[in-house]
Each structure stands twice: as C-alpha cells, then as structure tokens.
Amino acid sequence: GTSSSSVPASISAAGGGRIGIIGGSGPDAGADLFMKLLAIHRARLGDEYRGDASAPNILLSQVAAIGGGSADEKWSALSAAVTELAPLVTSFSVACNALHGYESKIRDLLVANAQPADKFVSMTAATAAHCRRMAPSKLAVLGGEAVMDIFGASPYRSLGESLGKDVVLQDALSPDQREGLSGVIQAVKLYGSAMPESTVRSFDSLLRSLAAYAAI
C-alpha cells in the first residue's frame, strides 16, 4: 500500500506533473494503487475538487511479466518497464512490495538513462518511515516470504534493523499460518477484489490470532 506522505506534493495538483505506476504483481495491484491515488487527491483538494479537470495525471503500465518467472526474468521485464516509463512521468513507483527489493538497481538504471534517481518513489521507505514514527512496542510484517524475511533480503530490512528484533515479531506466524497467508495472497492475485468470502475470513482469522499472540 501507500500513504499520502509517499505522494510528492509537487505532483499532487492537476497539471503539476504525471504520476507513473508499474503494475502487474499481482494483476490488480496497479489498479488498486491508481484508485488510492485518486482518493488521496480528492481528500487533499476537498471543496476545490471539481471533477475531471481536477484529477491527477496518472500513467499506469501493466506489465504481467514482472509477476512471474526467475529473478532474472522479473528484473528483465521490470527494467524494460522502468526504461520505457521513466521519461514520460515526473515520479513513479512499482505497485509491489517484493519488487522493491530491486530499488537500488532501479535507481542505478535511472541514473544510467540520464534520469534522476529520486524519480522512483519507494513505497517500502514510506511505509517504514510511518512505522518508525509510530514507535510501536511490537510490529509484525505480513506478506510473501521475501517480504516477511525482514532481517534477511526483505525490502523492509532497514525497518527491522532500526526497530530491532525485540520489536519486530519475525516468528509470530506458525508454519501453518504462513501457509495460510500464502493461500490468501494467491487468492488475491487470482481473483482480485472478487476473491471468495472464505479468503477474507481466513485473513481475518489470521490477524486475530496474531493480535492475540503479540498483544498488538
């Protein structure tokens, strides 16, 4: 997800620039981020929002290949998408937590293509900054295995390092719960917002058990 703090103010007004989104992992992620940006924009403008002409300029690139295959295949598809999109937008992000593991390579690619490195908006950096501001007594990160491995290769590794192992509940989920979460993630990728009610109940049950375990 993203928050209003991760959307540059310089492009929040219509005509102030163009926001880029690279989606495809999962299939609905880019569209979901697109709708969140519209909601943030309406909230910022309030009574000044007048309709079509008040809306932000957004370019969504849906790249199915970034969601599958080997790490090299994912990067090949992602780097091609970045190269194509970056010159057309003011700022952009990738609508996938796990693919933010390529953040340093994305910034290097931008510089190599004579684009500003800070044109890439880090969704994970914005989320991590928000969590640090909250100064939680305990924190759990949920997602695919690559995202939850917060003291390993996770794009949230800096968050784990700054908060410490006593705060981040790395082992809060049992193996069965991790398997259940994996099933939820796959259902979201497969069905999007039309996911079965059983998927919603399964995720709700997992959150309740986690909250009871962690007292958060």
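Can LEU78 be described as free of Cβ contacts under 8 Å to residues at least 60 places away in the same chain and either in a helix (DSSP H, G or I) or surrounded by 19 or more Cβ atoms within 10 Å (Cβ to Cβ) (or both)? Against the criterion (free of Cβ contacts under 8 Å to residues at least 60 places away in the same chain and either in a helix (DSSP H, G or I) or surrounded by 19 or more Cβ atoms within 10 Å (Cβ to Cβ) (or both)), LEU78 qualifies. When you check ALA153 against the structure, is it modelled with pLDDT of 95 or more, assigned to a loop (DSSP other than H, G, I, E, B) and over 20 Å from PHE203 (Cβ atoms), yes or no? For ALA153, the condition - modelled with pLDDT of 95 or more, assigned to a loop (DSSP other than H, G, I, E, B) and over 20 Å from PHE203 (Cβ atoms) - is not met.
So in the range 157-182, with the set limited to residues that are closer than 22 Å to ASP28 by Cβ and touching a helix residue (DSSP H, G or I) at 6+ places or on another chain (Cβ under 7 Å), which one is least open to solvent (accessible area, probe 1.4 Å)? Only one residue fits best here, namely LEU181.
Of all residues in the range 183-216, those being of a type in the set (Val, Ile, Thr), closer than 25 Å to ALA29 by Cα and surrounded by fewer than 14 Cβ atoms within 10 Å (Cβ to Cβ) number 1. Here GLY143 meets each of (1) open to solvent by 40 Å² or more (accessible area, probe 1.4 Å); (2) in a loop (DSSP other than H, G, I, E, B) with one exception, condition (1).
Annotation: ILE150 fulfils all but one of (1) farther than 26 Å from ILE19 by Cα; (2) surrounded by fewer than 20 Cβ atoms within 10 Å (Cβ to Cβ); (3) among the β-branched types (Val, Ile, Thr); the unmet one is (2). Taking first residues from the range 42-53 that are at pLDDT below 95 and partners that are among the charged types (D, E, K, R), the Cβ contacts under 6 Å between residues at least 6 apart in sequence or on separate chains come to TYR49/ARG42. In the set PRO136, PRO155, only one residue is touching a residue at least 24 places away in the same chain (Cβ under 8 Å), touching a Gly at 6+ places or on another chain (Cβ under 9 Å) and not hydrophobic (A, V, I, L, M, F, W, C); that residue is PRO155. Could you go through the range 118-130 and let me know if any residue there is surrounded by fewer than 12 Cβ atoms within 10 Å (Cβ to Cβ), under 19 Å from the mean Cα position of the chain (by Cα) and either in a loop (DSSP other than H, G, I, E, B) or without any contact (Cβ under 8 Å) to a residue 40 or more places away in the chain (or both). Scanning the range 118-130, I find at least one residue that is surrounded by fewer than 12 Cβ atoms within 10 Å (Cβ to Cβ), under 19 Å from the mean Cα position of the chain (by Cα) and either in a loop (DSSP other than H, G, I, E, B) or without any contact (Cβ under 8 Å) to a residue 40 or more places away in the chain (or both), so the answer is yes.
Checking each residue in the range 40-71 for being surrounded by 10 or more Cβ atoms within 10 Å (Cβ to Cβ) and assigned to a loop (DSSP other than H, G, I, E, B) picks out TYR49, ARG50, ALA55, PRO56, VAL63, GLY68, GLY69. When each of LEU99, LEU85 is tested for being at pLDDT 95 or above, farther than 28 Å from GLU145 by Cα and open to solvent by less than 40 Å² (accessible area, probe 1.4 Å), the lone residue that passes is LEU85. With respect to the stated conditions, PRO136 is part of a loop (DSSP other than H, G, I, E, B), open to solvent by less than 40 Å² (accessible area, probe 1.4 Å) and more than 24 Å from GLY26 (Cβ to Cβ). Within the range 1-17, the set of residues being surrounded by 16 or more Cβ atoms within 10 Å (Cβ to Cβ) and either modelled with pLDDT of 50 or more or polar (S, T, N, Q) (or both) comprises THR2, SER6, SER12, GLY17.
The values are calculated or read from the model by the stated rules, or taken from the named source; none is laboratory data. Note that the structure is a prediction, hence the values are computed from the model and not measured. Here Cβ is always computed from backbone atoms with ideal geometry, including for glycine, and neighbour counts include all displayed protein chains. Calculation scope for accessible area: heavy atoms of the full protein, side chains included, ligands and nucleic acids excluded. Shrake-Rupley method; radii C 1.70, N 1.55, O 1.52, S 1.80 Å.
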